[in-house]
1. Have a look at 129, 174, 237 and report the one farthest towards the positive end of the charge dipole of the stretch 106-312, computed about the Cα centre with Cβ charges (Lys/Arg +1, Asp/Glu -1).
2. Hey, can you list the DSSP H helices of the chain whose Cα span along the axis is 18 Å or longer and whose average Kyte-Doolittle score is at least -1.0?
3. Take every Cα pair under 8 Å in the stretch 213-336 that's 6+ residues apart, average their separations, divide by the length, and report that relative contact order as a whole percent.
4. Sort out for me the Cα centre separation of the stretch 242-313 from the stretch 315-342, rounded to whole Å.
5. Tell me, how many Å apart are the Cα centres for the stretch 1-45 and for the stretch 47-62?
6. Based on DSSP H runs of at least 4 residues, each adding -39500 (n - 2.57), what is the mean residue ellipticity at 222 nm of the chain after dividing by all its residues, to the nearest 500 deg cm²/dmol?
7. Over 20 Å between Cα atoms: which of 231/279; 112/151; 44/311 fall into that group?
8. Can you tell which of 36, 54, 213 lies farthest toward the positive end of the dipole of the chain, using +1 and -1 charges on the Cβ of basic and acidic side chains (Lys, Arg; Asp, Glu)?
Amino acid sequence: MQITELARLCDAQIQGGNADIDIQSAADIMSAQAQQVTVLSDGKYKKYLKDSQAAACFIAEALIDGEIPEQLTLLVCKDPEISFLNAVKLLHPEPQLIRSISSQAAIEASAKIGNDVHIAAFASIGQHSVIGDGSTIHAGARIGNNVQLGKNCLIHPNAVIYDNSILGDNVIIHAGAIIAADGFGYKFRNNQHIKVPHVGNVEIADNVEIGANTCIDRGALGATKIGAGSKIDNLVQLGHNNVVGRNVIICGQSGISGSCTIEDGAILAGSSGVADHVKIGTRAVVMARSGISQDVAAGTQVFGSPAKDRKVAWKELAALSKLPELLQKFKKLESRVEDLEK
């Protein structure tokens, strides 16, 4: 695609360079070569611009200064990151499936399959389930009984969606994810663990993405809910009866116990751990490897285990790093006191 066409489609203005060059692919600013487009969205990477071999670079007006390579066409735009992402999609389009329903798929007669649906070999669809228009179910995926799948959903290989789950439109479930398995609930009686029946379900709203090998447990009685636009990374455990708000981010290897509330826009960084019945407020940030045992107020940032305000936690860590030096001073003072006492 010529730079001129790329600029037009990505809402950018051309400045300098040779706009008639064909762009073949996209690359980061440190490795981009001829016939590639790159992006500069953060001032700390400006040092790489003067030696860049790229043919074109998406950039904001405020970042244009210093030496610009002669061959480099600047694509000036309001939001370089988003314009670059649009360029990546144009230059690296996803392979187009030849949409069909495989004769090797197992589909119950009572299931309702929408228009333009793709169902690959060895996928299975349970009784009375509904698959929305334009959805794609890859090989080996299992859709249980009474499942509702919205329009344009994408279910990757070997994902499992248990009975009675409800998924909105444009939901992506990656390979190996398990939706609506039993929650981890037991009562200890007579020296044995008695399993708590889980008869609820999972409800996932529109535009949610669930990462590979993530597990979301169904509710014991009600529903485990994921709000619209939320994104859950790989290898996350989300316990029963959790309510996750809109546009929440939960990063990899996080574990959330049962009956928690995670409000709109909250972020749980990698390896976060959350105890049961905890509320994480709107736009709160739980930093990586933090342990949450109490409610987190809206808009706050917490760190550590047990988690506390990040500034307090960092001060404590800084003080802890000085402990060996302080111990040495203490021993010297102790020795001097002993000498004085003698």
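1. The one lying farthest along the dipole's positive direction is 237.
2. Numbers: long enough: 323-341 (26 Å, -0.72).
The qualifying helices are 323-341.
3. On the way: 326 pairs, mean separation 17.1, N = 124.
It comes to 14 percent, rounded to a whole number.
4. If you average the Cα positions of each part, the centres end up 37 Å apart.
5. The distance from the Cα centre of the stretch 1-45 to that of the stretch 47-62 comes to 8 Å.
6. Details: 4 runs with 50 residues, N = 342.
Mean residue ellipticity at 222 nm (helix-derived): -4500 deg cm²/dmol.
7. On the way: 231/279 18 Å; 112/151 13 Å; 44/311 25 Å.
Table pairs above 20 Å Cα-Cα are 44/311.
8. Of the candidates, 213 comes out farthest on the positive side.
Every number in this text was worked out from the coordinates using simple rules, so none of it is lab data. Being a predicted model, the structure only gives us computed values, none of them experimental. Don't worry about glycine lacking a Cβ; one is built from the backbone with ideal geometry, like all the others, and counts go over all protein chains shown.
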